[in-house]
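The values are calculated or read from the model by the stated rules, or taken from the named source; none is laboratory data. Since this is a predicted model, take the numbers as computed values, not measurements. Positions of Cβ are generated from backbone atoms using ideal geometry, with glycine treated the same way; all protein chains shown enter the neighbour counts. These accessible areas exclude ligands, DNA and RNA; they are computed on the full protein's heavy atoms, side chains included. Shrake-Rupley method; radii C 1.70, N 1.55, O 1.52, S 1.80 Å.
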Amino acid sequence: MESVASIIDGKKISDEIRDEIRQRVEGLQSKTGVTPGLAVVLVGENEASQIYVRNKGKACENVGIQSFQHTLPEDTPQEVLAHLVAQLNQDPNVHGILVQLPLPKALASFDVVAAITPEKDVDGFHPVNVGNLVTGREGFRSCTPFGIMKMLEYIKFELKGKDAVIIGRSNIVGKPMGMMLLEKNATVTYCHSKTHDLAKKIKAADLVVAAVGVPELVKGEWIKEGAVVIDVGMNRDTAGKLVGDVEFGAASSRAAYITPVPGGVGPMTITMLLYNTVRSAYRFAGQPF
Ligand code: NAP
């Protein structure tokens with residue numbers, strides 16, 4: 001099938017934003033001597049989490065952010081983790097704290113995230129930052145939907161009055177995505193596993209954001225001609241190939257813009273984490289960002 005959609009190149013957009021971040025890091029250093037620092041806490045040996053943490057460390061290094069990695073064993077008690085978070089909250093070299101999720105089952109994730117000071121919650125998961133988003137106030141925005149907003153900005157997609165359909169209502173992607181789109185005056189519909197007639201809703205959408213985790217759940221024929229399609233999904237197909245939540249080939253023949261998997265949303269997520277960390281460092285240093 002011949003592709004007509006323009007590809008939204010997450011890698012390219014990400015590289016441009018990272019160049020800007022690098023300049024901001026240098027600017028802060030030369031003005032105040034402060035180097036932005038991100039603490040990443042990994043508990044246990046989840047393989048995917050180890051890869052994510054390693055990638056975040058490399059990305060920090062690449063733009064001049066100091067990365068502090070804390071690796072704790074699987075059986076770490078809640079109090080030990082809470083103590084580390086409390087230390088990081090106080091550490092003047094740390095401007096962002098990220099606890100890699102999922103945590104081992106014995107640990108209460110919500111309590112750990114809520115223990116991070118909202119001023120260093122660069123993931124944007126703390127209830128205060130979620131509340132700030134919902135009430136339209138300043139605060140850290142969750143990195144994946146924040147990155148998607150940057151992509152939409154990049155292609156100059158005017159959201160005002162557009163019908164946006166989000167598939168998925170997770171706390172880290174779907175829910176905050178809807179709030180960010182609403183903030184820009186889109187009309188937002190949330191879909192999830194109990195939604196009736198998903199196809200009908202998607203067929204009416206000017207913007208589709210798929211954050212489900214089911215390979216190619218969204219069929220190409222459901223996409224409205226000229227729609228923008230953002231695929232957050234990262235799934236392995238039976239052959240072990242990385243695929244998204246959208247039938248890429250068929251959707252490309254109808255959409256105006258589409259994100260590929262890989263190389264779409266993925267690179268943007270880490271980029272916005274770097275952005276939030278540098279913004280936090282500016283704030284702690286009392287510098288305008
Ligand atoms: P999640 O917490 O697993 O939630 C999945 C959502 O999809 C739920 O709201 C669920 O509905 C809904 N859902 C499941 N099956 C469905 C179906 N058949 N029809 C309609 N909705 C359905 O998801 P997540 O953490 O947001 O992750 C979603 C995907 O994005 C995963 O593939 C993940 O790997 C990927 N991801 C990528 C990035 C990135 O940077 N690229 C970042 C985060 C996540 P219910 O609420 O009713 O259960």
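For A205, the requirement of being part of a loop (DSSP other than H, G, I, E, B), buried (at least 23 other Cβ atoms within 10 Å of the Cβ) and in contact (Cβ under 8 Å) with a residue 24 or more places away in the chain is met.
Taking the criterion of being away from the ligand (no atom under 16 Å from the Cβ) and either assigned to a strand (DSSP E or B) or free of Cβ contacts under 8 Å to residues at least 12 places away in the same chain (or both), the residues of the stretch 239-278 that qualify are A239, Y257. Of the residues making up the stretch 241-289, those that are open to solvent by less than 40 Å² (accessible area, probe 1.4 Å) and at positive phi number 1. Scanning the stretch 97-130 for residues that are touching a Pro at 6+ places or on another chain (Cβ under 9 Å), open to solvent by 20 Å² or more (accessible area, probe 1.4 Å) and among the small types (G, A, S) yields A106, S109, A114. Checked against the criterion of being within 24 Å of the chain's Cα centre (by Cα) and charged (D, E, K, R), the candidates E61, E74, E79 yield just one match: E61. The set of residues from the stretch 149-183 being in contact (Cβ under 8 Å) with a residue 24 or more places away in the chain, assigned to a loop (DSSP other than H, G, I, E, B) and under 20 Å from G264 (Cβ atoms) comprises I155, F157, L159, K162, G168, S170, I172, V173. Does A211 qualify as being within 20 Å of K224 (Cα to Cα), within 8 Å of the ligand (Cβ to nearest atom) and either touching a Pro at 6+ places or on another chain (Cβ under 9 Å) or open to solvent by 30 Å² or more (accessible area, probe 1.4 Å) (or both)? When the stated conditions are applied, A211 passes them. Summed over the stretch 139-158, residues that are farther than 21 Å from S170 by Cβ and within 17 Å of the chain's Cα centre (by Cα) total 2. H196 passes every criterion in (1) farther than 24 Å from I17 by Cβ; (2) open to solvent by less than 60 Å² (accessible area, probe 1.4 Å); (3) within 11 Å of the ligand (Cβ to nearest atom); (4) part of a loop (DSSP other than H, G, I, E, B) apart from (2).
Applying the criterion of at least 3 residues that are under 25 Å from V232 (Cα atoms) to the helices (runs of 4 or more DSSP H) found wholly in the stretch 1-116 leaves 10-32, 47-63, 109-115.
Reported count of residues in the stretch 152-190, each being open to solvent by 80 Å² or more (accessible area, probe 1.4 Å), more than 15 Å from the ligand (Cβ to nearest atom) and under 23 Å from K203 (Cβ atoms), is 5.
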